[in-house]
1. When Ile163, Ile324 are ordered from fewest to most other Cβ atoms inside 10 Å of their Cβ, what list results?
2. Say the dipole of the stretch 42-279 comes from +1 at the beta carbon of Lys and Arg and -1 at that of Asp and Glu; which of Thr183, Tyr278, Ser72 then lies farthest toward its positive end?
3. So how long is each side of the stretch 184-307 along the principal axes, counting just the alpha-carbon atoms, biggest first, in Å?
4. In the stretch 45-99, what GluC sites (Glu not before Pro) fall in a loop by DSSP, with at most 11 other Cβ atoms inside 10 Å?
5. Under 18 Å from the Cα of Lys65, which aspartates and glutamates turn up, not counting those fewer than eight places away in the same chain?
6. Enumerate the whole-percent occupancy of each 10 Å bin, from 0 to the last occupied one, for all C-alpha pair distances of the stretch 224-276.
7. Out of the GluC sites (Glu not before Pro) in the stretch 223-296, which ones are loop residues according to DSSP with at most 15 other C-beta atoms within 10 Å?
8. Exceeding 18 Å between C-alpha atoms, which entries from my cross-link table qualify? They are Lys125/Lys159; Lys32/Lys341; Lys73/Lys242; Lys284/Lys340.
Amino acid sequence: MGLFLLWFLFGFGIIIQVVYLLVIFGRTAFFKTPKTKPNSGEEEPVTVMVAAHNEFKNLKTLIPKLFEQDYSKYDVMIINDRSTDRTKRLIEEMMAIYPRLRSVTIKYTPDHVTAKKYALTLGIKVAKNDVILLTDADCIPASDQWIRKMTQPIREKNKTFSIGYSGYEQAKGFLNKWIQFETLQTALYYVSFGLWKSPFMGVGRNLCYRRSFFMEVKAFKDLWHIEGGDDDLFVNKYATGKNSSLVLDPEANTWSKPKENWKEYRIQKKRHLHAGKYYRGEDKRKIGFYTISHALFWIGSLGLLIYFGIERNWEHFLLVFGIILVRSLLLLGIFSSASKKINGSKIPANILINDFLYLGYFWILGSVSHQAKNIQWK
């Protein structure tokens, strides 16, 4: 009975894994960028918006980069959210250099709302333009075409949401290699399903929507009490296959500074994973089917290898090992191709090791985050 159960777990797991890798993630891996003709009409104005809390150092780098964009009509709005460092003075100095730089200062946050949602709401309310392009203070656009390409679906295709990718800068060390893998894994979920016209999340480091829509749905109504989720939960609630578009172009990406120690990373991911509990049921299943099959595959395969090793049944041992090897090669191929399509770079290092470690990461940290109550932005 025990052997049958192991074979069942292993077989069910590998079937679902292959479906996800080839059919769903393959949508990203085999994606072909459609040829688009440049719009000869007048460019619609855009407001780039950044909510910042004590981000003096990052804003000093970001603001000049934002004004290097190859786009004729845009302004930049920095929301100074209760900063106690030199953020306010920096913004004033930068406004003298860049006339299209604007600012809103948040002095306090009401008790019944969460900080970043409140800051973004006030900033969006006073924005001059209807097209809002969001990013974070620690992000840098990948190219001077960022504004043009991220806003194109909204300006030219009448979409409500334009969902982009934001990666993390590469650095030395195992933590950074893990961050690169986990970021790519997450992107494969929302990019692939987005390309299947079934979007369920986006990242606030690279997200675009219309101000008029934001005001129409009354901002973050029903989401105020949740810390985080100003990006993925907002997209999860309102994005559809008809009103949304995925922008899969390395020139439309942004790059963020990664966490440099495990404590900061754990706090960040705890916030991200906590928001997932509020996804729609069907969207939870999109992630759940893969993670469950991933767990069943590894539990079943390791159990069978141990059993056949003890029994010295080398024929079946090699069969199981061969299936693991084939699945590993498939994983490498899909992730490698997807990485090039998403961010224009090669596959993250240690991907097979990290794929195995993902088993503990999702089920342990995910469970802790699901039950957490002390979630904060900054």
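Just so you know, all these numbers are worked out from the coordinates, no wet-lab data involved. If you're wondering where the values come from, they're calculated on a predicted model, not measured in any experiment. Note that each Cβ is placed from the backbone with ideal geometry, even for glycine, and that neighbours are counted across all protein chains shown.
1. Details: Ile163 26, Ile324 18.
Ascending Cβ contact count within 10 Å gives the list Ile324, Ile163.
2. Working it through, the farthest residue towards the positive pole turns out to be Tyr278.
3. Here the spans come out as 61, 35, 35 Å, largest first.
4. Details: sites: Glu55, Glu68, Glu92, Glu93; in loops: Glu55, Glu68.
Sites meeting the loop and neighbour criteria: Glu68.
5. Within reach: Glu55, Asp75, Glu92, Glu93, Asp136, Asp138, Asp144, Glu169, Glu251.
6. The calculated distribution, bin by bin, is 18, 36, 39, 7, 0.
7. On the way: sites: Glu227, Glu251, Glu260, Glu264, Glu282; in loops: Glu227, Glu260.
For GluC sites (Glu not before Pro) across the stretch 223-296 that sit outside H, G, I, E and B with at most 15 neighbouring Cβ atoms in 10 Å, the list reads Glu260.
8. On the way: Lys125/Lys159 20 Å; Lys32/Lys341 9 Å; Lys73/Lys242 27 Å; Lys284/Lys340 27 Å.
In this structure, Lys125/Lys159; Lys73/Lys242; Lys284/Lys340 exceed 18 Å between Cα atoms.
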